[in-house]
Amino acid sequence: MNHKFLRTYFSVPLLVLTVTFLSFSSYADENAINSDESAKQEVEEILVTANRTEQSISDVAQAVQALSGDDLQDLQITDFEQMINLIPGAVQNSTISQGSNVYSMRGVAASETDGDATVGYYLDNFAFSIPGRPFAPVTDIYDTERVEVLRGPSGTLYGLGSLGGTIKVITKDPVIGEFEGSFKATLADIDDGDSSHTGDLMINIPLTENAALRGVLSIKDIGGWAEILPTNQTNGNPYDGITGRLKLLVEPTENLSIKLTYWYQDSEQDFANRLTYPSPPAIDNTFGETYSDFTIYIADIEYDLGFATLQSTTGYMENTIISNNGGFIPGIGDFSSLWPLESENFNEDLRLTSNSEGSWNWIVGFFYQDGETFGGQDVLLPDFGFNSINASNLLKSESWAFYGEANHTSDDEKWVVTIGGRYYEEKRTFVENSAVELLPLITGAPEPIITNTVGVDSATNDTFNPRLNIAYHPTDNSMVYFEAAKGFRSGSITSKSIMTASNATLGGTDYDNSSEPDTLWNYTVGGKWDFGSVSIDVSAFFYDWSDAQVEVSPALQSIVIPVADIEGRGIDVTIAWDTPIEGLSLYIAANTNEIELDNVDEAIITKNPFMANGSQLPGTSKSTYSVIANYARSLDNGMILDVNAVYSARDGIQSVFDGRIAPSVELLNASIGIARDSWKLGLFGRNLTQEEGPSNMVGGQHSIPFPRTLGISFDKNF
């Protein structure tokens, strides 16, 4: 790793305030790992696509992080779940399995299992979303160019779900005219668990003088670490996953580029990552399995018209997520839960971007999506007196949007003003076939009360979302900035049967099962300064989230309703320091915030006292921070020594399900590697302090940090 790269990056003239970059170069070139040249300082321009066009990260007037895929691999970070700790103000809100992880940014947390996501996810240029569900994609980031993180609402250019921010995974394109390949293998041991091994392979094959094919395969075999109490089975929750990607690049002419991409992901786990008891980790379930897979087809076409570039992204996805388990939950009793979800999603994103090098630049676009999610959750709670059947519901969403932005740079290049907007319209249709059974145990009636609902609900929503950004840099190495932006999220439609039971449980409220779209106004102000060996980025944000849709569970089944008005305020700080010790660099990222509820319905407060006015929004952490230390030096024998440590921490998180608080969590990871020419051998450790958490307390159960893991890795380029 290049310990001086952070210092190099922050010496580049800055045009924006909250651009943050985390980069520790992993490879000296495409065919060698950490050669002698990798220990030398190099000036490198970092290109990102945060504004839907390739540009230097220093020119992006937005809060952006660019996390190099190779560098994340060097830090032994392979997926979203591990990477989320590096993002200021980002947390994991919930997990059941690999396919049902929920994340939030800057305290814009709304759900654990239901409702649309508050973070937008993009795989290359494809908008990954599941109508009515907040789950993030299962993503292995081997052979990834970079991961871009846009903090704050990005509703103008991205729209879908980008209420709190957007995460983009940009994979490496095929290289025309060159054959290349690489692989990585790891073997690890889990503390009080089974062993694990992973393997990654990449091959780039030139086909013709203007075409190439790149293939990536990642396989994970992760050992179990939790005891299954009814059978006394140890290490009973192992996980197997496979991710494959093929990308074909054809450039018929100098002005035309065609990329065809195929993604495949499959993961299976016995039982789940949710535990009945966190320490020692144990599951009191008699049966359990989780499964997820997706297949994605993407066609990217780009044509240079001279005055502008025309780009089209067409994508189609099929996604399945299944959770089936049953056993015992303290305070609730015996349970059985079947949760099958099948979704399809087609979207088209057509955009025209100016090629001008003058003072004016612009982008206009059209987005269309047609998606659906089939399924729900069958829950049997006989000890509690409540059962529900809704696994055959169907939610359809068809939407379209026009969007555009323009920016102007002053003649002296000190001012950059950006203004834009997005008009969005959506029709949602909910085809319901559900039932709720209230047993005499809770009603006192002589017979069960059963509510059946068979019917169709529809809702049409529209919203306009503007953005204004003003950046001023008085010197080449300093900048101040202000932004006002509106974000949005699709309105939720909930089962009428469950809503009827929930209204009754809340004392006779009359919440409708269909909600208006979420909207959030965000305001950010701050500055960034480069003092040579130290660079500092400070930004303060405030947002007003009116009639926020939040998931609550008054009848032990989730509903998503406009619970309250929410005000959020906080500060993000990043510091990069090239220390006086040769070869040692430090990077610090931190966030502190207050996300307060206001105007909460009295019925909600009566049922959930932890959601009283003035309380911190459940699912949020009042502070997060991480410290990355990198030490790299050349050895006399031509090898490179590379040592890394990552420390991350966050405050406690309260569950929206029952108000229980998961305590603060601190994690320490480290790695050491020796590299020469085209190979690298390393040792790594995750959760070295054996932090037990729990990190989340959702659905009456627990999630914990992955147990301490020690392993060895080997990388090879060829």
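The values are calculated or read from the model by the stated rules, or taken from the named source; none is laboratory data. These numbers come from a predicted model, not from an experiment. Cβ coordinates were reconstructed from backbone atoms using ideal geometry, including for glycine residues, and neighbour counts include every protein chain displayed.
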The stretch 64-82, subset within 16 Å of SER648 (Cβ to Cβ), touching a strand residue (DSSP E or B) at 6+ places or on another chain (Cβ under 6 Å) and of a type in the set (A, V, I, L, M), residue surrounded by the most Cβ atoms within 10 Å (Cβ to Cβ): LEU75
Count of the stretch 330-359 residues which are more than 15 Å from ASN387 (Cα to Cα) and either modelled with pLDDT of 95 or more or touching a strand residue (DSSP E or B) at 6+ places or on another chain (Cβ under 6 Å) (or both): 17
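Quick one: how many residues across the stretch 404-421 are surrounded by 14 or more Cβ atoms within 10 Å (Cβ to Cβ) and part of a loop (DSSP other than H, G, I, E, B)?
Looking only at the stretch 404-421, we keep the residues that are surrounded by 14 or more Cβ atoms within 10 Å (Cβ to Cβ), and these are 404-409, 414-421.
Those left that are additionally part of a loop (DSSP other than H, G, I, E, B): 414.
Matching residues across the stretch 404-421 total 1.
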Residues of the stretch 328-342 classified as in contact with a Phe, Trp or Tyr (Cβ under 7 Å, 6 or more places away or on another chain) and touching a residue at least 40 places away in the same chain (Cβ under 8 Å), total: 4
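Yes/no per residue for (1) over 30 Å from GLY385 (Cα atoms); (2) in contact with a helix residue (DSSP H, G or I) (Cβ under 9 Å, 6 or more places away or on another chain); (3) among the basic types (Lys, Arg); (4) outside any strand (DSSP E or B):
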| site | (1), (2), (3), (4) |
| --- | --- |
| ALA564 | no, yes, no, no |
| ALA576 | yes, yes, no, no |
| PRO580 | yes, no, no, yes |
| TYR587 | yes, yes, no, no |
| ALA590 | yes, no, no, no |
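Would you confirm whether or not the stretch 240-262 contains a residue that is of a type in the set (Val, Ile, Thr), in contact with a Ser or Thr (Cβ under 6 Å, 6 or more places away or on another chain), over 17 Å from THR95 (Cβ atoms) and at pLDDT 95 or above?
Quick first cut of the stretch 240-262, residues of a type in the set (Val, Ile, Thr) only: 242-243, 250, 253, 258, 261.
Restricting the remaining residues to those that are in contact with a Ser or Thr (Cβ under 6 Å, 6 or more places away or on another chain) gives 243.
Narrowing the set further to residues that are over 17 Å from THR95 (Cβ atoms) leaves 243.
Those still in the list that are at pLDDT 95 or above too: 243.
Yes.
If you go through the stretch 238-273, how many residues are of a type in the set (Ser, Thr, Tyr), in a strand (DSSP E or B) and either without any contact (Cβ under 8 Å) to a residue 12 or more places away in the chain or surrounded by fewer than 17 Cβ atoms within 10 Å (Cβ to Cβ) (or both)? If you could, list the steps in order and put the result at the bottom.
If we filter the stretch 238-273 for residues that are of a type in the set (Ser, Thr, Tyr), which is where we start, we get 239, 243, 253, 257, 261-262, 264, 267.
From the residues that got through so far, the ones that are in a strand (DSSP E or B) too are 239, 243, 257, 261-262, 264, 267.
Restricting the remaining residues to those that are either without any contact (Cβ under 8 Å) to a residue 12 or more places away in the chain or surrounded by fewer than 17 Cβ atoms within 10 Å (Cβ to Cβ) (or both) gives 262, 264.
Residues meeting the conditions: 2.
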Residue identified as under 24 Å from LYS622 (Cα atoms) and part of a loop (DSSP other than H, G, I, E, B) among GLY107, GLY155, GLY120: GLY107
When residues of the stretch 107-135 are limited to those that are of a type in the set (A, V, I, L, M, F, W, C) and under 12 Å from the mean Cα position of the chain (by Cα), the one nearest to GLY568 (Cα to Cα): VAL119
Strands (runs of 3 or more DSSP E) (entirely within the stretch 643-718) containing at least 1 residues that are aliphatic (A, V, I, L, M), touching a residue at least 40 places away in the same chain (Cβ under 8 Å) and surrounded by fewer than 21 Cβ atoms within 10 Å (Cβ to Cβ): 709-717
The stretch 444-471, residues that are surrounded by 14 or more Cβ atoms within 10 Å (Cβ to Cβ), among the β-branched types (Val, Ile, Thr) and more than 30 Å from ASN522 (Cβ to Cβ): ILE449, THR451, THR453
Every pair of residues 6+ apart whose Cβ atoms lie under 8 Å, when the first sits in the stretch 467-481 and is touching a residue at least 60 places away in the same chain (Cβ under 8 Å) while the second is of a type in the set (Phe, Trp, Tyr) and crowded, with 22+ Cβ neighbours inside 10 Å: ASN469/TYR481; ALA471/TYR481
One residue from ILE442, ILE419 being in contact with a strand residue (DSSP E or B) (Cβ under 6 Å, 6 or more places away or on another chain) and hydrophobic (A, V, I, L, M, F, W, C): ILE419
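What residue, among those in the stretch 472-519 that are assigned to a strand (DSSP E or B) and among the β-branched types (Val, Ile, Thr), is surrounded by the most Cβ atoms within 10 Å (Cβ to Cβ)? Spell out the reasoning first.
First, pick out the residues of the stretch 472-519 that are assigned to a strand (DSSP E or B): 472-475, 478-489, 493, 514, 518-519.
With among the β-branched types (Val, Ile, Thr) added as a condition, the list becomes 475, 480, 493, 519.
On the way: THR475: 11, VAL480: 15, ILE493: 25, THR519: 20.
So the residue we want is ILE493.
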Residue within the stretch 226-233 that is modelled with pLDDT of 95 or more, surrounded by fewer than 21 Cβ atoms within 10 Å (Cβ to Cβ) and among the small types (Gly, Ala, Ser) present: no
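Give the number of residues within the stretch 399-434 that are over 33 Å from the mean Cα position of the chain (by Cα) and at pLDDT 90 or above.
The initial filter retains those residues of the stretch 399-434 that are over 33 Å from the mean Cα position of the chain (by Cα), namely 410-414.
Pick out the ones that are also at pLDDT 90 or above and you get 410-412, 414.
Summing the residues that are over 33 Å from the mean Cα position of the chain (by Cα) and at pLDDT 90 or above in the stretch 399-434 gives 4.
Yes or no, residue by residue, for (1) in contact (Cβ under 8 Å) with a residue 60 or more places away in the chain; (2) among the hydrophobic types (A, V, I, L, M, F, W, C); (3) not in a loop (DSSP other than H, G, I, E, B):
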site	(1), (2), (3)
ILE141	yes, yes, no
ASP189	yes, no, yes
LEU201	no, yes, yes
GLY215	no, no, yes
Selection from the stretch 115-139 of residues that are surrounded by fewer than 24 Cβ atoms within 10 Å (Cβ to Cβ) and among the charged types (D, E, K, R): ASP124, ARG133
Odd one out for ASP173, checked against (1) of a type in the set (Asp, Glu); (2) part of a loop (DSSP other than H, G, I, E, B); (3) under 27 Å from the mean Cα position of the chain (by Cα); (4) within 25 Å of ASN285 (Cα to Cα): (4)
Sole exception among (1) under 19 Å from THR53 (Cβ atoms); (2) of a type in the set (Ser, Thr, Tyr); (3) buried (at least 17 other Cβ atoms within 10 Å of the Cβ) for THR290, by number: (1)
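Against the definition (of a type in the set (Asp, Glu), in contact (Cβ under 8 Å) with a residue 40 or more places away in the chain and either more than 19 Å from ILE605 (Cα to Cα) or crowded, with 24+ Cβ neighbours inside 10 Å (or both)), how does ASP530 come out, yes or no? Before the answer, list the steps.
Values: of a type in the set (Asp, Glu): yes; in contact (Cβ under 8 Å) with a residue 40 or more places away in the chain: yes; either more than 19 Å from ILE605 (Cα to Cα) or crowded, with 24+ Cβ neighbours inside 10 Å (or both): yes.
Here the answer is yes, as ASP530 does meet what is asked.
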